[in-house]
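Reviewing the structure listed below.
Throughout, read-outs are computed from the coordinates displayed, never taken from laboratory work. Fair warning: this is a prediction, and the values are worked out from it, not measured in the lab. Counting neighbours? That spans all protein chains shown, and the Cβs are built from the backbone with ideal geometry, glycine included.
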Amino acid sequence: MHEILARGTVRIVLKGLVDRDPPALWASQLTDHARQAYQDLLLGRFAASSPHVSRFEIGQAVLLPDGRGYAVPATLYETLADGTPVGVQEATFTVVRQGRLWLIDEVQLGTYREATPTPQAQTAPGQVAEPRLVGNIAFEDAPGGTIYLMAADGSGLRPLTHGMDPALSPDGRWVAFVRWEEPRGLYVIGVDGQGERLVYGAPQVRMPAWSPDGRKIAFTVQKGGKPERRFRFGDREFVIPADPYWRLAWVDLETGEYRALPSDLHSLAPTWSPDGQWLLYDGDPGLQRLSVDAGEQHLAVEGRTVGAPAWSPDGRWIAYQERRHDHWELFVRPAWGGDAVPLTPASALAGRAPDHLSPAFSPDGQWILFASDRDGAWALYLIRPDGTGLRPLVPGGLPGGVELRYEAGVQRALSWGP
């Protein structure tokens, strides 16, 4: 748990240097000692106008012998303004805990390697190519629009059906989705486009999630609520909007059994724990953790503006989106308690803050896929759970001119499966 927090501290500082944010935005991640001893180094060595650190990679945190913190290695890639590689600087950051915060206390520079231009690529020497992404990704281009399927590396894009909230099955053979046109309800379809069938009919169903064994699908269904109310005082009319209730349920695909689950009046976006014992969902007070067998629930993450949780394949972490002021950001935190680490913090100098929605872990847990309008138009992006490696899933946009039309809010617009 503490390792990812230590790495997150280093990431905030390095991202600030890459983005050339003023020191006030990242110096709070330094101890007083580090501000006195290393702030000039960070500004002069790593944030110079040219060459400039254009990207970085963070290694695994190592517990210090005295136990007071972690040594976090990092590799910084320097380029000129035109993108020409200049060199690679190795550095180690000592991160210690002060109260509830993890702060950088020391910076040690390691080996520096000058770039050797090659006719093959514009990458710095020693750079390791990213491993090929595996599995398939299902996504909708808009709520109720076309649902597409493609390989995780962006190849093989094809339309599958129409509806919303696609969810790939644990074996990668099926996609669950919902449809709000007749006949309405919860559907499944094979990844080959065959075998589409209605498995539970209801006027309004949302956000299906497969159990790890592939037998059940949990979802949220509209059940009851308060109708719209109108009041008149003198010549003025006031309207209290309708308040529909959304409750959790699951359906057994083998038997057709339907079961309503204990849940809040407003329950959205369920996700199963990898062992199938728990459902994490967006409830009234925050993210709720529901025991599937016992029916007991506990508050996992407090906050009325959090939603769309995703459980990591190893069960250790949860990712989710949270509304901050006028936009949505992504966070990751230990699944069973601990501090949140921001994945997509907004810069105070960025103008309109972008939205980041619908996080989904890769099958191996090494990446988080999400949707964002950070570059203007909506697109799919990747980021590692420690906040490094941010990049578009498909540089240059989806093939075939496919455009995404999302609205900010709690979304389950995409899914990543085997």
What list of ³J(HN,Hα) couplings, whole Hz, do you get for region 202-217 from phi and the Karplus terms 6.51, -1.76, 1.60, once you set θ to phi - 60° and write x for glycine and proline?
6, x, 9, 10, 9, 6, x, 9, 6, 5, x, 8, x, 8, 10, 10
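Compute the whole-percent fraction of alpha carbon pairs in the chain spaced more than 34 Å apart.
Numbers: 31814 of 87153 pairs.
So the pairs more than 34 Å apart make up 37 percent of the total in the chain.
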For the charge dipole of region 136-417, defined by +1 on Lys and Arg C-beta atoms and -1 on Asp and Glu C-beta atoms about the Cα centroid, which residue among Trp317, Pro334, Leu198 has the Cα displaced farthest towards the positive pole?
Leu198
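With a sphere of radius 15 Å drawn around the Cβ of Ser358, what net charge do the other residues whose Cβ falls strictly inside it have (Lys, Arg +1; Asp, Glu -1)? Walk me through the numbers before you get to the answer.
On the way: positive: Arg206, Arg323, Arg374, Arg405, Arg412; negative: Glu140, Asp141, Asp165, Asp282, Glu322, Glu329, Asp355, Asp373, Glu407.
Summing Lys/Arg as +1 and Asp/Glu as -1 gives -4.
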Magnitude of the charge dipole, region 253-388, Cβ model with Lys/Arg +1 and Asp/Glu -1, debye to 20
340 debye
For region 2-114, give the magnitude of the charge dipole about the Cα centre (Cβ charges: +1 Lys/Arg, -1 Asp/Glu; no others), in debye to the nearest 20.
280 debye
Calculated [θ] (222 nm, deg cm²/dmol) that DSSP helices of n ≥ 4 give over the chain, each run adding -39,500 (n - 2.57)
-2000 deg cm²/dmol
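Could you give the size of the charge dipole of the chain about its Cα centre, using +1 on the Cβ of each K and R and -1 on the Cβ of each D and E, expressed in debye and rounded to the nearest 20? Walk me through the intermediate numbers first.
Working: 40 positive and 50 negative charges, 111 e Å.
Using Cβ point charges on Lys, Arg, Asp and Glu, the chain gives about 540 debye.
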For region 169-182, Karplus couplings with θ = phi - 60° (6.51, -1.76, 1.60), whole Hz, Gly/Pro x:
6, x, 8, x, 9, 10, 10, 8, 7, 10, 9, 10, 10, 4
For the chain, set up a GNM with springs between Cα atoms under 10 Å and report which of Gly376, Gly283, Gly397 has the largest fluctuation.
Gly376
Which net charge results when you count Lys and Arg as +1 and Asp and Glu as -1 among the other residues whose beta-carbon is under 11 Å from that of Gly283?
-1
Interchain or sequence-distant (5+) residues whose placed amide H lies within less than 5 Å of the amide H of Ala300 are Leu287, Gln288, Arg289
In terms of Cα to Cα distance under 13 Å, which aspartates and glutamates are near enough to Lys226, apart from those fewer than 8 places away along the same chain?
Asp243
With 10 angstrom as the radius, rank Met150, Met207 by how many other C-beta atoms surround their C-beta, starting from the fewest.
Met150, Met207
Quick one: net charge around Gly417, please, counting Lys, Arg +1 and Asp, Glu -1 for every other residue with C-beta under 10 Å from its C-beta.
0
Degrees between helix 2-18 axis and first principal axis of the chain (Cα, 0 to 90, nearest 10)
70 degrees
Ranked by GNM mean-square fluctuation in the chain (Cα springs under 10 Å), the top entry among Asp171, Asp32, Asp235 is Asp235
What residues qualify as long-range amide H neighbours of Trp246, i.e. H under 5 Å apart, gap of 5 or more or another chain, H built at 1.01 Å from N?
Lys223, His266, Ser267
Residue order, fewest to most beta carbons within 10 Å, for Val410, Val175:
Val410, Val175
So what are the ³J(HN,Hα) numbers for region 184-190, from phi and the Karplus equation (6.51, -1.76, 1.60; θ = phi - 60°), rounded to whole Hz, Gly and Pro as x?
6, x, 9, 10, 10, 8, x
In degrees, nearest 10, range 0 to 90: what is the angle between the Cα axis of helix 32-41 and the longest Cα principal axis of the chain?
70 degrees
